[in-house]
1. Quick check: residue separation of residue 297 and residue 52 times 0.36 nm, minus the Cα distance between them. What number comes out in nm?
2. Can you tell me the FRET efficiency between residue 18 and residue 335 if r is taken as the Cβ-Cβ distance and R0 is 30 Å, rounded to the nearest 0.05?
3. Going highest first, how would you order 227-234, 55-62, 293-300, 44-51 by mean Cβ packing within 10 Å?
4. Efficiency by 1/(1 + (r/R0)^6): what FRET value for residue 304 and residue 328, r their Cβ-Cβ distance, R0 = 60 Å, to the nearest 0.05?
5. Taking 7 Å along the Cα-to-C-beta vector as the label spot, tell me the residue 246-residue 143 distance in nanometres, rounded to one decimal.
6. Cα gyration tensor of the range 184-255, axes a ≥ b ≥ c as square roots of the eigenvalues: rounded (a/c below 1.5), prolate (a/b > b/c) or oblate?
7. Let a ≥ b ≥ c be the square roots of the eigenvalues of the Cα gyration tensor of the range 249-374; is it rounded (a/c under 1.5), or, if not, prolate (a/b larger than b/c) or oblate?
8. Sticking with the crude label model, points 7 Å out along Cα→Cβ, report the distance from residue 114 to residue 43 in nm, one decimal please.
C-alpha cells in the first residue's frame, strides 16, 4: 500500500515538472558530419520535392467535372463467304450511336439469318440438353446456357447421331447457319473526334480541348507535331496501346483513351492542356478473351415475324478523364513551411540517440545532458521576516539582508562534484591546521 501511495505521489509530482532544452556542444567530427548531412537531406527534400515537384505552396483539387462527346468518321466494306460485298457506314458499325464516352466500333460479325419462332433440337454444346429418351427431357425446363424452352421430346440433332431435347426457340439456332463477315480492312483509317470539357468548381475554372476556330481543320493528333488536335485514327490508338490490330479486330477488345488534365492555375490558362495516353483495359487469358455482344434485326417475311441474329466483335473505346488543378494558397504554404522547420529537429533526435547509445563516454554525456533543478523551501526566511520589528538591532537586520539563500538548487553532476571536492578540501585543511594533541 505504501509503495502504491509513493508511486502515486511521484506521478502527481511529475505533472508539475517543466522541461526546457539544454544546449551542449559536443566536439565530435563524425557526429557533426551526420547531423549536417541529415539537415541537408531534409532541406533538399522539402525545397525540391515538396515545394517544386509536389507544389506544396498550392491548394489542390482533383477529379474535375467532365463531359465527353465523340464522333467517328469512315466507311468500310465487308466480304461475305460467297463473295457478296456490303458497305458499312457510321450508322451501322458504331454502337451506341449517341457519341458518348464509351462506344464500340464493329470489326467482325457472325450473322444467323431467317430465324423464326418454332421447334428445333437444342444445340449439342449444351451438355445438360443431351438425351437418350424422352424421359431425359422435361417439358417447360429452361437451361441457363440453352436457347429456348424444352418441349419434352428427345430428337436427333441436325448433324450426327447425337440426340438433344427439342426446344421452342428462334430457329435455326445460332451455331448452325452462321455467316461471318469482316470489315477490319478499312477500320485503321477511321477517325475519332473526342471533345472534352472540364470544370474545377473550387477554382471556378473551365477549359476544353478544342482551341481556336480552325483547330479541327486538316489535323490529326500526334504527340509532337500536333499535340492539341483532338482527332485520332483507330490505327494510331491501337498501335499506341501496344496491341496487334489483326488480333483485336478478330476477337475484339477494350482500349482506354486516358485524358489527363494537370493544370497550374498560377500560369496563364493557355498552359493548361490535356495529355493523352492509351492502354488496353481487358485482361488477356485462356478462359475468356476479347469483346463481343449480340443484337437482332426484326422484319416481316411473307407474314411471318423473322429476325437476323448478329454477334459482333469490336473494339470498345473507353474515354477516361483524370485531372488536378493547383493554385497558390497561404494556408498550405504555412503548413508545409512549419512542417519543414519542425522536421529539421529530427536530425537532433537521431544524433542524440547515437550520442547516448553508441558513443564512447555515453554515461558522461547522459549526466551532462539531463539536469534537475527545483525550488528550495523558504520557510525559515518567511518566519524570520514575520518575527522582525523596527526595534531589531542593526546587526540582526544586516544579517537578514545579507543572508541570501539560493532560490533554486541544481543537481547537476558538476555542482555535486564541486561541493564534494570543497568539502573534502575543507576537512583536510582542518586536520592539518589543528595543533597536535588538540
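Since every read-out is calculated from the coordinates, none of them should be taken as a lab result. Fair warning: this is a prediction, and the values are worked out from it, not measured in the lab. Using ideal geometry, Cβ is built from the backbone for each residue, glycine included, and neighbour counts are taken over all protein chains shown.
1. On the way: separation 245, 0.36 × 245 = 88.20 nm, distance 5.92 nm.
This chain segment gains 82.3 nm when fully extended.
2. Working: r = 28 Å, r/R0 = 0.94.
According to the calculation, E is roughly 0.60.
3. Working: 227-234: 18.4, 55-62: 16.8, 293-300: 10.4, 44-51: 13.8.
For the peptides 227-234, 55-62, 293-300, 44-51, the packing ranking is 227-234, 55-62, 44-51, 293-300.
4. Efficiency computed from Cβ-Cβ geometry: 0.25.
5. 3.6 nm
6. On the way: a/c = 2.89, a/b = 1.81, b/c = 1.60.
Prolate, because a/c is 1.5 or more and a/b exceeds b/c.
7. Values: a/c = 5.36, a/b = 2.76, b/c = 1.94.
Since a/c reaches 1.5 and a/b is larger than b/c, the shape of the range 249-374 is classed as prolate.
8. The answer from the label model is 8.8 nm.
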